[in-house]
1. Could you work out how far the C-alpha centroid of the range 7-29 sits from that of the range 44-81, in angstrom?
2. Just checking the chain: which Cys have no other cysteine's beta-carbon under 4.7 Å?
3. Counting only trypsin sites (Lys or Arg not before Pro) that are in a DSSP loop and have at most 15 other C-beta atoms within 10 Å, tell me the longest site-free stretch of the chain.
4. From Cα pairs below 8 angstrom and at least 6 apart in sequence, can you work out the relative contact order of the chain, rounded to a whole percent?
5. Tell me which residues come under 5 Å, amide H to amide H, from Ile104 once H is placed; ignore anything under 5 positions away on its chain.
6. Scan the chain and hand back the longest stretch that contains none of the chymotrypsin sites (Phe, Trp or Tyr not before Pro) lying in DSSP loops with at most 16 other Cβ atoms within 10 Å.
7. Over the range 3-133, what number does the Rg to Rh ratio reach, with both radii from the alpha-carbon atoms and Rh per Kirkwood?
8. In nm², what is the average projected area of the convex hull enclosing the Cα atoms of the range 1-40?
Amino acid sequence: MTNREAYDNMWDELEQYRAIGTVEEIKSVKKYIDLKRRCGTPTNTIDLCAEYIAIGTVEECREAREKQKPQKPFKGADFMVVRGDDGSHIWESDYICHECGMEITREYIYCPYCGTYIDWSKEGDKSHEEDDH
Ligand SMILES: [Zn+2]
């Protein structure tokens, strides 16, 4: 191959690349090309995208993950619960969800209003809290 032929070949190749698009244009569509490459076919790509959309956006997934981090509830008011006809009673407390501020009770593992995981450990164990001082 002469220098002239090599030059002509390079020029032809450059023209082909220009027909495809500029570097900026190629970069802007590269994520779609990579996605199609990973998924195999356009139909698979669309199916997988639909599955991801059904799962939720990245922000929604992050928000859900945050709610899985245990949050200690705030202690609310104490109230008396009468247990029987003999007047025996116990004291119980209201609790407030750390995340949404709604009133919750110990029967919940997750806040029924916002879904936050409630950490009941140590809660109501006053002696433990005072030991921390
Ligand atoms: Zn809540």
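Since every read-out is calculated from the coordinates, none of them should be taken as a lab result. Please read these numbers as outputs of a predicted model, since none were measured by experiment. When we count neighbours, we look across all protein chains shown, and the Cβ atoms used for this are built from the backbone with ideal geometry, even at glycine.
1. Taking the Cα centre of each part, the range 7-29 and the range 44-81 sit 46 Å apart.
2. Cys39, Cys49, Cys61, each lacking another Cys Cβ under 4.7 Å.
3. Values: sites that count: Arg83, Arg106, Lys122.
After excluding every exposed loop site, the longest remaining stretch is 1-82.
4. Values: 109 pairs, mean separation 20.7, N = 133.
Taking the mean separation of contacting Cα pairs over the length of the chain, I get 16 percent.
5. Distant-sequence amide H within range of Ile104: Tyr95, Ile96, Cys97.
6. Working: sites that count: Tyr108, Tyr113, Trp120.
Within the chain, the longest run free of exposed chymotrypsin sites (Phe, Trp or Tyr not before Pro) spans 1-107.
7. On the way: Rg = 30.8 Å, Rh = 21.2 Å.
Dividing the radius of gyration by the Kirkwood radius yields 1.45.
8. Working: hull surface 15.6 nm².
If you wrap the Cα atoms of the range 1-40 in a convex hull and average its projections, you get 3.9 nm².
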